Structures are given as C-alpha cells and as structure tokens.
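Peer 1: I have a structure here, written as structure tokens, and I will follow up with some questions on it.
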Amino acid sequence: MVDHDALSVTREAYDAAAHTYAELFGDELRRRPLDRAMLSAFAELVRASGNGQVADLGCGPGHITAHLAASGLSVRGVDASSAMIEAARHAHPGLRFDTGSMAALDIADGVLGGVLSRWSVIHTPPPELPVILAEFHRVLAPGGHLLIGFSASEGPSHPTQGFDHAVARAYRWWPDHLAALLRAAGLAEVARMVREPEPTDRRQFREIHLLARKN
C-alpha cells in the first residue's frame, strides 16, 4: 500500500523546486569521481548482459540519464514530478522522459537490463519500500542489475531514520537492512560503496551505493 498523500506532497515539493534543483545538481558528477566509477561499473555490467535497456527512476532533471546514455545504454528517465520531467526534456531533447510512479511503473515485465535508483527512494516511507523494490524486480530481466543510492542511518540499531530534507520528508537506512529488503525482493547484493561525508557537506551522512542483481 502506497501513501498517496505523502507521494503528492513530495511531487508538489519537487515541482516547486525543479528549476533550483537542476541548477544545483546538473553538474554534480563532475566533482564525484567515486559516483562516476559506480555508474561506470553498473553500465558495464548492463552492457555485458546483452540488454542495454535501462530506466533511471526518479531521474530529476535528467543529468544522470544523459550520463548513462553517453555510456552506450538505451536509457529512459521516469520521475513523479512533471516539472522535473519538463526540465529534463528541455535539457536533453534527444532522450525519453516520462512522468510516473516507482510504485506502478508503465514498463513491461522483465524488459530492462538495468534500473538506476539514485536517491529516489529516500522520500518513501519505510513500510512502503518493499512495494517499490518489488516493482524494480518486476521490470528487470533475469540477471539484470539495480544500482540504488541512499544515505545511511547512524548504526544497526537504527534500521531507518527520518530527517528533514530540504525539499520533503526523507529517510535514511542502515545498509545491511536495505540489503536484506533487496534479498527479500529477489535482488542479491553483489557490491556496495560507502562514501564518507566531506567536512564541508551540510549533512554528515554516509552515502551508500548498493549494486544488486535479479536472481
């Protein structure tokens, strides 16, 4: 069950913030070599599977979608915010962007070689996350890969923690807890990256990338 009121609040908040968000994060990969490395590994694994179709779910203004497309993948972006999709289409007119919900994707079963979820689940209330992960599993082909990014909670005694995100209410997860949810959804962890915060980061949260494969 998905809390549609929470989804509407998040969507409206990102609609209002779309222009500012695009300006702030449009070139974020330039200063994030470790993130680029994880995206490169993800793209290489997807290409090696022979199915280069990827969905960037929660794509925002489309900058990561464009990065993956430049790596040779056939990628589409999906976001709940129509303003974000409008910004993505304007910035990257050669790519496909659709408005949609991660809980009910307009994508056929088992057609994707890869799913990217880069900080797109952070606004999902923890009890609803299994619904999202089940959708990721549904649209992936057998052997397809998921790369999911999120912020870590403070320790194993805090499986999830809420925090006041600049745009909308958000949540952090202990990495092992989220990895267990992936396993329950049929997605086996194959690698993870933990990035410690920089001293200048506004929030001193560790950033996690989990790479998983559909069984």
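The values are calculated or read from the model by the stated rules, or taken from the named source; none is laboratory data. Predicted, not measured: the structure shown is a model, and the values here were computed from it. Cβ placement follows ideal geometry from the backbone for every residue including glycine, while neighbour counts extend to all protein chains displayed. Ligands, DNA and RNA are excluded from the accessible area calculation, which covers all protein heavy atoms including side chains. Shrake-Rupley method; radii C 1.70, N 1.55, O 1.52, S 1.80 Å.
Peer 1: Scan (1) free of Cβ contacts under 8 Å to residues at least 60 places away in the same chain; (2) surrounded by 15 or more Cβ atoms within 10 Å (Cβ to Cβ) for the single condition residue 195 breaks and write down its number.
Peer 2: Checking residue 195 against (1) free of Cβ contacts under 8 Å to residues at least 60 places away in the same chain; (2) surrounded by 15 or more Cβ atoms within 10 Å (Cβ to Cβ), the one that fails is (1).
Peer 1: On to the next question. Just a yes or no: is a residue in the stretch 174-181 within 21 Å of residue 100 (Cα to Cα), open to solvent by 30 Å² or more (accessible area, probe 1.4 Å) and either at pLDDT 95 or above or in contact with a Cys (Cβ under 7 Å, 6 or more places away or on another chain) (or both)?
Peer 2: Within the stretch 174-181, none of the residues are within 21 Å of residue 100 (Cα to Cα), open to solvent by 30 Å² or more (accessible area, probe 1.4 Å) and either at pLDDT 95 or above or in contact with a Cys (Cβ under 7 Å, 6 or more places away or on another chain) (or both).
Peer 1: Only residues in the stretch 130-143 that are open to solvent by 10 Å² or more (accessible area, probe 1.4 Å) count as the first member; pair them with residues that are among the acidic types (Asp, Glu), Cβ under 7 angstrom, at least 6 apart or cross-chain, and list the lot.
Peer 2: Going by the 7 Å Cβ cut-off, the qualifying pairs are 138/109.
Peer 1: Based on what the data block shows, is residue 30 assigned to a helix (DSSP H, G or I), among the basic types (Lys, Arg) and either crowded, with 18+ Cβ neighbours inside 10 Å or in contact (Cβ under 8 Å) with a residue 40 or more places away in the chain (or both)?
Peer 2: So residue 30 does not fit the description; no.
Peer 1: Among 179, 191, 212, which is part of a helix (DSSP H, G or I), within 24 Å of residue 36 (Cβ to Cβ) and touching a strand residue (DSSP E or B) at 6+ places or on another chain (Cβ under 9 Å)? Walk me through it before giving the result.
Peer 2: Values: 191 fails: part of a helix (DSSP H, G or I); 212 fails: part of a helix (DSSP H, G or I).
None of the others qualify; the one that does is 179.
Peer 1: Sticking with this structure for a sec: For the stretch 144-164, give me each residue that is surrounded by fewer than 17 Cβ atoms within 10 Å (Cβ to Cβ) and in a loop (DSSP other than H, G, I, E, B).
Peer 2: Residues satisfying the conditions are 154, 155, 156, 157, 158, 159.
Peer 1: Right, something else. In the stretch 198-207, which residue that is in contact (Cβ under 8 Å) with a residue 24 or more places away in the chain and assigned to a loop (DSSP other than H, G, I, E, B) is surrounded by the fewest Cβ atoms within 10 Å (Cβ to Cβ)?
Peer 2: 203
Peer 1: Is it the case that the stretch 71-82 has a residue that's crowded, with 23+ Cβ neighbours inside 10 Å, within 29 Å of residue 13 (Cα to Cα), in contact (Cβ under 8 Å) with a residue 60 or more places away in the chain and out of contact with any Cys (no Cβ under 7 Å at 6 or more places or on another chain)?
Peer 2: yes
Peer 1: Same structure, new question: Could you tell me which of the residues 157, 151 is over 15 Å from the mean Cα position of the chain (by Cα) and modelled with pLDDT of 95 or more?
Peer 2: 157 is the lone residue from the list that is over 15 Å from the mean Cα position of the chain (by Cα) and modelled with pLDDT of 95 or more.
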